[in-house]
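To start, the structure under review is shown below, and the notes come after it.
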Amino acid sequence: MKMKKIGLFIATLAACLIGGVALTGCTPGQKSAASAPPEKKIQIVCTNFPGYDFARHIVKDHGEVTMLVKPGTDVHSFSPSPKDLKAVADSDFLICTGGDSDEWVEKILDATGKKPGSVFRMMDAVKLSEEEHPEGMQPEEEAEKEAGPEMDEHVWTAPANAIEIVKKLNASISKLDGAHAEEYQKNAEAYMKELSDLDQSFRDVIDHADRKEIIVGDRFPFLYFVKEYGLTYDAAFPGCAKDTEADPKTIAFLIDKVKADQIPVIFHIELSNQQMSRSIAEATGAKERQLNSIHNVTQKDFDAGVTYVDLMRQNVKTLKEALN
């Protein structure tokens with residue numbers, strides 16, 4: 001009798017395991033929650049960090065968000081691998097800038113036959129400004145100049161633009177994944193509140209600043225930022241310049257400018273070699289500080305989960321030092 005009971009227990013146990021039923025209260029034909037298939041998450045691929053960060057704040061656990069450009073690398077020199085091409089082809093949704101730094105995207109889209117509704121270009125979400133080349137900025141190569149005027153692609157550097165991008169990005173993702181649209185809306189609204197607070201922090205600093213001028217001894221991807229807050233600027237190179245070798249004339253011009261206007265801080269951007277900003281700082285006694293353009297982040301910051309808002313808050317503190 002005892003052996004029969006043990007055999008019955010084993011048979012029941014096997015039936016439960018085969019049927020995917022929990023041991024507690026196992027009955028024939030009953031399925032447990034554990035046997036339910038996992039949620040199919042929306043697959044989102046992004047070409048740079050801003051798009052990646054905006055998307056992950058909207059979808060959270062309902063999506064898998066991938067950044068193609070590896071942390072710590074320069075987006076301007078990125079070349080997609082076969083693995084990257086496959087990731088784009090297999091994705092449900094692609095987020096790109098829409099400018100020169102990811103012009104390769106259009107070729108991939110043609111090759112993979114992506115539908116228009118599954119591609120989001122951040123440059124399409126805001127009013128664009130043409131690249132500027134103020135006095136003293138190192139001129140671009142002739143081949144680049146002959147291509148005609150270019151619209152500046154670093155649209156995310158102004159928090160007000162980031163709000164518009166997130167708003168329209170949320171609408172596009174929600175249209176594609178309507179089952180979670182309500183949650184996406186709540187997530188987007190909470191994130192846009194953070195961005196609005198960030199925008200106000202910059203306005204508070206600039207409204208009470210002693211000066212309204214910055215100097216960047218590096219590429220200048222901050223056009224939308226300075227326009228939004230009424231700042232003037234001088235810089236070494238255009239935002240997407242391929243050549244960032246220090247030119248003596250440019251260095252001399254910026255050194256004279258720092259001295260004449262008594263500028264206390266000279267900026268460089270993230271992942272820079274700092275060659276020119278360091279030379280200017282040494283010649284003038286100005287402090288050298290990083291102003292985050294957030295086109296990419298270091299591997300350490302990426303692993304730590306650093307966000308666009310985190311890096312912009314660092315900019316608030318650094319800007320306060322530079323303008324006073």
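The values are calculated or read from the model by the stated rules, or taken from the named source; none is laboratory data. Keep in mind it's a predicted model, so treat the numbers as computed, not measured. Virtual Cβ from ideal backbone geometry, glycine too; neighbours counted across all protein chains shown. Just the protein is used for accessible areas: all its heavy atoms, side chains included, with ligands, DNA and RNA removed. Shrake-Rupley method; radii C 1.70, N 1.55, O 1.52, S 1.80 Å.
Out of the trypsin sites (Lys or Arg not before Pro) in region 74-143, which ones are loop residues according to DSSP with at most 13 other C-beta atoms within 10 Å? The qualifying sites are Lys127.
For region 152-285, the Cβ-based charge dipole about the Cα centre amounts to some 180 debye (Lys, Arg positive; Asp, Glu negative; other atoms uncharged). All other residues whose Cβ lies under 12 angstrom from that of Phe78 are scored, Lys and Arg at +1 and Asp and Glu at -1, for a net of -4. Scanning the chain for DSSP H helices at least 18 Å long along the axis (C-alpha atoms) with a Kyte-Doolittle mean no lower than -0.5 picks out 2-18, 159-176, 248-261.
I need the trypsin sites (Lys or Arg not before Pro) found in region 183-228, filtered to DSSP loop residues with at most 14 other beta carbons within 10 Å of theirs.
Qualifying residues, ordered by number: Lys212.
Charge dipole of the chain (Cα centre as origin; +1 on each Lys and Arg Cβ, -1 on each Asp and Glu Cβ, all else neutral): 2440 debye, rounded to the nearest 20. When the solvent-accessible area of the chain is split by element, carbon and sulfur atoms take up 53 percent of it, the probe being 1.4 Å. For the chain, the solvent-accessible area with a 1.4 angstrom probe is 52 square angstrom per residue.
For the chain, the calculated P(r), taken from all Cα-Cα distances in 20 Å bins from zero up to the bin holding the longest distance, is 28, 47, 16, 8, 2, 0 percent.
Report the convex hull volume per residue for region 138-257, counting only C-alpha atoms, in Å³. It would help to have the intermediate numbers written out before the result.
Values: hull volume 14.9 nm³, N = 120.
It comes to 124 Å³ per residue, whole-number rounded.
With contributions of -39500 (n - 2.57) from each DSSP H run of at least four residues, the per-residue ellipticity at 222 nm computed over the chain stands at -14000 deg cm²/dmol.
Overall size of region 43-132 from C-alpha positions, given as principal axis extents largest first: 39, 30, 28 Å.
Count charges around Leu271 for me, please; just the other residues with Cβ under 14 Å from its Cβ, Lys/Arg as +1, Asp/Glu as -1. That works out to -1. Taking 10 °C and 1.306 mPa s as conditions, region 227-270 diffuses translationally at an estimated 132 µm²/s according to Stokes-Einstein applied to its Kirkwood radius (Cα pairs).
Within the shell defined by Cβ-Cβ distances under 10 Å, the residues around Ile44 carry a net charge of -1, with Lys and Arg each +1 and Asp and Glu each -1. Start at zero, step by 10 Å, and the Cα-Cα distances of region 182-324 spread as 11, 39, 33, 13, 3, 1 percent across the bins. Within the listed set Pro139, Pro264, Pro82, the residue fluctuating most in the Gaussian network model of the chain (springs between alpha-carbon atoms under 10 angstrom) is Pro82.
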